[in-house]
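Visitor: I have a structure I would like to understand better, so I am pasting it below and will then ask my questions one at a time.
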Amino acid sequence: MSKTATKIPACSECDNKDNIFCTLTPEQTEMISENKGSNFYKKGQAVFYEGNQSHGLFCIHKGKVKLSKLGENGKEQVIRFAKTGNILGYRSLFSNEPYQATATVLEDSYICHLSKEKYTDIMKENSKLSWKTMQLLSKDLKSAEQHLINIAQKTVKERIAEALQLLHTTFGFLEDGKTLSIMLTRSEIADIAGTTTETTIRTLAILCKENAIELEGKRIIIPNISVLTKISGLYD
């Protein structure tokens, strides 16, 4: 815990201002800071597991997280990603149901935790926080519906191109402006697109031949994002 204490500041001093907590008053921010917990998670460690009971809300102070579900055949399906400033666990928190997905850190991360009771107390006082939480839930529902449509109607090539674009949208590029800042295995990319590792490897090779991407080990370079957008069937 001493390691996290030197890494995670008080909420009032946190640089992650662009999230649902930006609506809080100074007093509410101080209350959260006094009641939060914080932990350091190593790459590959789970923040929470699908099927476990929810006890609060998580906020990523620094790091990257994937949320995934297990299908009936035991295959993992990545449903979304979260990054610095994002919150986790809110859907299960408000439905009073177990977690519907497993949250796993993709790199060493620092994550704060707030109990359900403290969060709901603040929501009762702050209508803007309630509204922003509802917007998050609505966005998640829309994304889930679109993902089902994509799995049913898009080709594997389109889905993998869209998966890479999702990684760009969520995590951005390195300083060179073209290399994805997140490194995933071919298996993890397959889990996003809903296909097999072998098919993903072949499809990435095809995208390379079409000059849509470049591969350097696990690093994926996207020279022109508009080319990938066109292949994925999305629009700028």
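Visitor: From the list Ile201, Ile231, which one is under 23 Å from Ser68 (Cβ atoms), of a type outside the set (S, T, N, Q) and part of a helix (DSSP H, G or I)?
Guide: Selected residue: Ile201, the only one of Ile201, Ile231 that is under 23 Å from Ser68 (Cβ atoms), of a type outside the set (S, T, N, Q) and part of a helix (DSSP H, G or I).
Visitor: I would also like to ask the following. Looking at (1) over 19 Å from the mean Cα position of the chain (by Cα); (2) closer than 17 Å to Arg80 by Cα, which is the one condition that is false for Thr197?
Guide: All conditions are met except number (2).
Visitor: Return the residues of region 207-228 that are outside any loop (DSSP other than H, G, I, E, B) and exposed (fewer than 15 other Cβ atoms within 10 Å of the Cβ); say none if nothing qualifies.
Guide: The answer is Cys208, Lys209, Glu214, Leu215, Glu216, Arg219, Ser226.
Visitor: Same structure, new question: Does Ser68 qualify as being surrounded by 13 or more Cβ atoms within 10 Å (Cβ to Cβ) and without any contact (Cβ under 8 Å) to a residue 24 or more places away in the chain?
Guide: So Ser68 fails the test.
Okay, residues lined up against (1) at pLDDT 95 or above; (2) assigned by TED's automatic domain parsing to the domain that holds Gly63; (3) under 25 Å from Gly44 (Cβ atoms); (4) charged (D, E, K, R):
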| residue | (1), (2), (3), (4) |
| --- | --- |
| Glu158 | no, no, no, yes |
| Leu166 | no, no, yes, no |
| Thr179 | yes, no, yes, no |
| Ile213 | yes, no, no, no |
| Ile220 | yes, no, yes, no |
| Ile225 | no, no, no, no |
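Visitor: Do we find a residue being over 27 Å from Phe94 (Cβ atoms) and either modelled with pLDDT of 90 or more or not aliphatic (A, V, I, L, M) (or both) anywhere in region 141-151?
Guide: no
Visitor: For region 97-127, which positions are free of Cβ contacts under 8 Å to residues at least 12 places away in the same chain and of a type outside the set (D, E, K, R)?
Guide: Thr120, Met123, Ser127
Visitor: What do you reckon, is Gln100 surrounded by 14 or more Cβ atoms within 10 Å (Cβ to Cβ), touching a helix residue (DSSP H, G or I) at 6+ places or on another chain (Cβ under 7 Å) and closer than 22 Å to Gln45 by Cβ?
Guide: The answer is yes for Gln100.
Visitor: If you go through region 93-129, how many residues are small (Gly, Ala, Ser) and closer than 21 Å to Asp191 by Cβ?
Guide: 3
Visitor: Do we find that Lys118 is out of contact with any Gly (no Cβ under 6 Å at 6 or more places or on another chain) and within 26 Å of Ser95 (Cα to Cα) in this structure?
Guide: yes
Visitor: How many residues are within 16 Å of the chain's Cα centre (by Cα), part of a strand (DSSP E or B) and surrounded by 14 or more Cβ atoms within 10 Å (Cβ to Cβ) if we restrict to region 35-63?
Guide: Total meeting the criteria: 9.
Visitor: Here's a follow-up. Identify the single condition in (1) surrounded by 14 or more Cβ atoms within 10 Å (Cβ to Cβ); (2) touching a residue at least 12 places away in the same chain (Cβ under 8 Å) that Thr196 does not satisfy, given that it satisfies every other one.
Guide: For Thr196, the failing item is (2).
Visitor: Mind telling me which of the residues Leu136, Leu129 ends up being at pLDDT below 95, in contact with a strand residue (DSSP E or B) (Cβ under 8 Å, 6 or more places away or on another chain), part of a helix (DSSP H, G or I) and surrounded by 14 or more Cβ atoms within 10 Å (Cβ to Cβ)?
Guide: Leu136
The values are calculated or read from the model by the stated rules, or taken from the named source; none is laboratory data. What you see is a predicted model, and the numbers here were worked out from it, not measured in a lab. Cβ sites come from the backbone with ideal geometry, for glycine too, and all protein chains shown count toward neighbours.
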